[in-house]
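Before any comments, here is the structure.
The values are calculated or read from the model by the stated rules, or taken from the named source; none is laboratory data. Source: prediction; values computed, not measured. Virtual Cβ from ideal backbone geometry, glycine too; neighbours counted across all protein chains shown. What goes into the accessible areas is simple: the full protein's heavy atoms, side chains included, and nothing from ligands, DNA or RNA. Shrake-Rupley method; radii C 1.70, N 1.55, O 1.52, S 1.80 Å.
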Amino acid sequence: MKQQEKEILFQIRDLRTWFPITKGSFKKVVGHVKAVDGVSLDVYRGETLGVVGESGCGKSTLGKSIMMLEKPTGGQSLFRYGNDFKDVTKFSREEMFQFRCKVQMVFQDPYSALNPQKKIYTSFEEPLIVHGIKSQQEREELMSRALRMVNIQPDYLMRYPHEFSGGQRQRLCIARALEVMPEVLVCDEPVSALDVSIQAQVLNLMKDIQKELRLTYIFIAHDLSVVQYMSDRIAVMYLGKVVELADSRALYDDPMHPYTRALLSAIPVPDIHNPKKRQVLEGEVPSPIRKPTGCAFHNRCPHCTERCKTEDPPLRAKAGDETHLVACHLYDAAVSS
Ligand SMILES: Nc1ncnc2c1ncn2[C@@H]1O[C@H](COP(=O)(O)OP(=O)(O)O)[C@@H](O)[C@H]1O
Ligand SMILES: [Mg+2]
């Protein structure tokens, strides 16, 4: 499918979510944690957009900002309603309520997402009551339908979360998100807490559900191989910004940003006769409180020049390929302006 033929569902523009740092009893603001610091991207209907980056890069905050679980400091998040877009950051309570039916989130830790003291039935019924499904019969039908989608028998609703395995609990969390029949799932590291053997099972199930319900996924993970397996396109995040955005295949075959290259070279290859030359990332992600000047990656980049230390490179399309975007001075001659 060509880019032009795809329907844009979300238009995220210069989204910023900063957390204030306060000091003293008067709570004077002395700085900000710039967790999300100017993210712009489109999400297409029916795709899986992967979001990848080291821990602390702002992936979860971006997910929560899209869901409005964290109120963005600035920028826009435009969501499609018919032929129009509405800015979610300006929604009233009522509009937000409707929006939450369309966009649901699945978190990393399924145990904390389900109340351990309540039966699954109660945890599942609550969101349906909140969303105004008055008839118990209708609620039970929706709950059973959601459970069947994740291959769990409806009579398991009477059990407690501890009676399930980690993989089953994550499937339950996916089912709970599906109950209200959303269009979009924002999945924040949905398999990171699971054993590797169970991860594939849950990922494949998510793919099947996506196909059946024509869902759009925003799939967040720190593990590039997991993101690669799931995603049509991938956004690579570094210190609150998207530094590269491309089709999954193109990102793998022709990674442009030095950060993406380093992330890719860290994926283990099972072929001992053909080992990859590792490009090891030196140091840690700098603090989002005191971000480096210029390109935020410059102090860890093997190609850093004087310009990178002072000038922040914008995210621009590669010349001749408007689907592959990169924010790096290395490509100043090879990107369209
Ligand atoms: N509620 C908060 N208050 C202050 N700082 C926060 C809050 N949530 C996240 N952060 C900080 O924002 C940065 C990005 O965090 P996060 O979005 O969780 O990254 P990731 O999911 O990529 O690991 C981190 O430095 C984190 O400490
Ligand atoms: Mg996170």
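Specify which of the listed residues (Leu185, Leu172, Leu128) is at pLDDT 90 or above, surrounded by 20 or more Cβ atoms within 10 Å (Cβ to Cβ), away from ligand 1 (no atom under 16 Å from the Cβ) and outside any helix (DSSP H, G or I).
When all the criteria are applied, what remains is Leu185.
Per-residue answers, yes or no, for (1) aliphatic (A, V, I, L, M); (2) part of a strand (DSSP E or B); (3) at pLDDT 95 or above:
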site	(1), (2), (3)
Val30	yes, yes, no
Val36	yes, yes, yes
Ser60	no, no, yes
Phe85	no, yes, yes
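Residue by residue through the stretch 308-337, note down the ones that are open to solvent by 80 Å² or more (accessible area, probe 1.4 Å) and either within 18 Å of Val236 (Cβ to Cβ) or in contact with an Asp or Glu (Cβ under 9 Å, 6 or more places away or on another chain) (or both).
Passing the criteria: Glu322, Leu330.
For the stretch 52-86, give me each residue that is within 11 Å of ligand 1 (Cβ to nearest atom), out of contact with any Ser or Thr (no Cβ under 9 Å at 6 or more places or on another chain) and at negative phi.
Glu54, Ser55, Cys57, Lys59, Ser60, Gly63, Leu69
Yes or no, residue by residue, for (1) closer than 30 Å to Leu224 by Cβ; (2) more than 16 Å from ligand 2 (Cβ to nearest atom); (3) surrounded by fewer than 21 Cβ atoms within 10 Å (Cβ to Cβ):
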{"position": "Gly53", "(1), (2), (3)": "yes, no, no"}
{"position": "Gly56", "(1), (2), (3)": "yes, no, yes"}
{"position": "Ser65", "(1), (2), (3)": "yes, no, no"}
{"position": "Glu70", "(1), (2), (3)": "yes, no, yes"}
{"position": "Thr73", "(1), (2), (3)": "yes, yes, yes"}
{"position": "Leu78", "(1), (2), (3)": "yes, yes, yes"}
{"position": "Gly82", "(1), (2), (3)": "no, yes, yes"}
{"position": "Lys86", "(1), (2), (3)": "no, yes, yes"}
{"position": "Glu94", "(1), (2), (3)": "no, yes, yes"}
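Any chance you could count how many residues in the stretch 19-51 are among the β-branched types (Val, Ile, Thr), surrounded by 15 or more Cβ atoms within 10 Å (Cβ to Cβ) and farther than 18 Å from Glu70 by Cα?
The total comes to 2.
One residue is enough: does the stretch 259-275 have a residue meeting the conditions surrounded by fewer than 18 Cβ atoms within 10 Å (Cβ to Cβ), modelled with pLDDT of 75 or more, closer than 17 Å to Met237 by Cβ and not hydrophobic (A, V, I, L, M, F, W, C)?
Yes, there is a match, as at least one residue in the stretch 259-275 is surrounded by fewer than 18 Cβ atoms within 10 Å (Cβ to Cβ), modelled with pLDDT of 75 or more, closer than 17 Å to Met237 by Cβ and not hydrophobic (A, V, I, L, M, F, W, C).
Can you run down the residue pairs with Cβ atoms below 8 Å, 6 or more apart or on separate chains, where the first is in the stretch 95-114 and over 27 Å from His222 (Cα atoms) and the partner is open to solvent by 70 Å² or more (accessible area, probe 1.4 Å) and among the β-branched types (Val, Ile, Thr)?
none
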